[in-house]
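Each remark here refers to the structure printed beneath this line.
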Amino acid sequence: MKPKIQIVILCAGYGSRLRPLTWSKPKPLVAIAGRTSLDYLLDEFKDLDRDWDPEFIFVISPNGWSIKTFMEENYPELNCKYILQEEMKGQSHAVYCAKDIIDSPMIMTFADTLIHVDLSVLKDEQRDGLAWCQYTEDPRRFGAAVLDETGRVKHFIEKPPTMEHKMVIVGFYYFKDGRKLISAIAEQIEKNISLKGEFYIADGINVMLDRGDNFGIQETNAWVDAGVPGTVISTNRFFLDQGNDNSAEAAKREGVVVIPPVYIDPTAVVERSVIGPYVSIAANCKVTGCVLQDTILDKRTNISNLVAHDTMLGADVDVTAADRKLFLGDNCKAEL
């Protein structure tokens, strides 16, 4: 019988930096390279069941129940639970909302953290925890791991003031015993170890380190995110470059010039247009007389006479325009 492992995915933020797209959908369901951000996140765990019995715990906000609907429709085989975070008090608080059901080894990640990860290392891992990191020349915008001479984590520091510690934490963690993290977060909250009213997971782990727990790091060489418009567009580029395009098939459309890589859903209608590079067109869209580059169209969106770049359009958008750079949420109509 395989041991249980819980994957806690924090999805409860407001998604304010991706509005207006996130007025009508949670951030993990934003379209990227023919799929959603959540699809790519779940790919990170697809081989986990070789060694473990995984249980997914989604911590969601009150407007995040569409994630449950999405999972039930697209991943009915996965064992999932949903926990509501009604007040946005930070990362540690989000994990603490699930305190009553966390009872095993666990992985914690953010819904918009997308990395290349080899989870086979966890099978024989003896340390109390791991933090996935990436080497960065300038770590000052991030959290960083401070290591001793053996590679053991001494502590984590948010936004280090110097350039000394270059292993930046990417927001993906393993805990050998999830209950020890819950206990540390309880102490963090009791002592109000917070920043601007929010409890950060790095501070919760620092409590564990102060108690003597042994943490190491795992380095990843691929880390993208889907948290703001610019990074969603660059992440769309990344996944199209990684083979998630269908340029060869898309190029067979009459009257359409395709500059790879692109993804065009088979149900989309594209006419008299130049598409690419780095364009993602979702299901049941209609594109007529357009020139698109670095553009993402969500499902059922209709556009015509549009020259667009660095553009994101939500679902059910209707646009007739000239040369524009656009960022529109779901159910919009624009004539420009």
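FYI, it's all coordinate maths here, none of it is from the lab. Predicted model only: the values in this text are computed from it and were never measured. Reconstructed Cβ throughout: ideal geometry from the backbone, glycine too, with neighbour counts over all protein chains shown.
Considering only beta bridges that DSSP places wholly inside the chain, some 30 percent are antiparallel. Highest mobility in the GNM of the chain, judged by mean-square fluctuation with C-alpha springs under 10 Å and restricted to ASP124, ASP310, ASP39, is found for ASP124.
Please compute the contact order of the chain in relative form: average sequence separation of alpha-carbon pairs under 8 Å and at least six residues apart, divided by the residue count, as a percent. Once normalised by length, the contact order is 16 percent.
Can you tell me how much longer the chain between GLN126 and ILE193 gets when fully stretched, taken as 0.36 nm per residue apart minus their C-alpha distance, in nm with one decimal?
21.3 nm
Secondary-structure-derived ellipticity at 222 nm for the chain, considering helices only, amounts to -5500 deg cm²/dmol, per-run term -39500 (n - 2.57) for DSSP H runs with n ≥ 4.
For the pair MET1 and ASN284, the difference between a 0.36 nm per residue extended length and the Cα-Cα distance amounts to 97.5 nm.
In this label model, ALA222 and ARG272 are separated by 4.0 nm, measuring between points 7 Å along each Cα→Cβ vector.
Compared with the dominant principal axis of the Cα atoms in the chain, helix 229-241 is inclined by about 80°.
Taking 0.36 nm per residue of separation and subtracting the Cα-Cα distance, full extension of the segment from ASP51 to ASN79 would add 8.5 nm. Using a Förster distance of 35 Å, how high is the FRET efficiency between TYR135 and GLU86, based on the Cβ-Cβ distance and rounded to 0.05? After rounding to 0.05, the efficiency reads 0.40. FRET efficiency for the LYS99 to GLU149 pair, using the beta carbon distance and R₀ = 35 Å, is estimated at 0.50. Measuring between alpha carbons in the structure, the pairs from LYS27/LYS68; LYS252/LYS286; LYS89/LYS191; LYS81/LYS123; LYS2/LYS68 lying more than 20 angstrom apart are LYS81/LYS123; LYS2/LYS68. The charge dipole of the chain, taken about its Cα centre with unit charges on the Cβ atoms of Lys, Arg (+1), Asp and Glu (-1) only, comes to about 580 debye. For the stretch 44-109 versus the stretch 173-241, the spacing of their alpha-carbon centroids is 15 Å.
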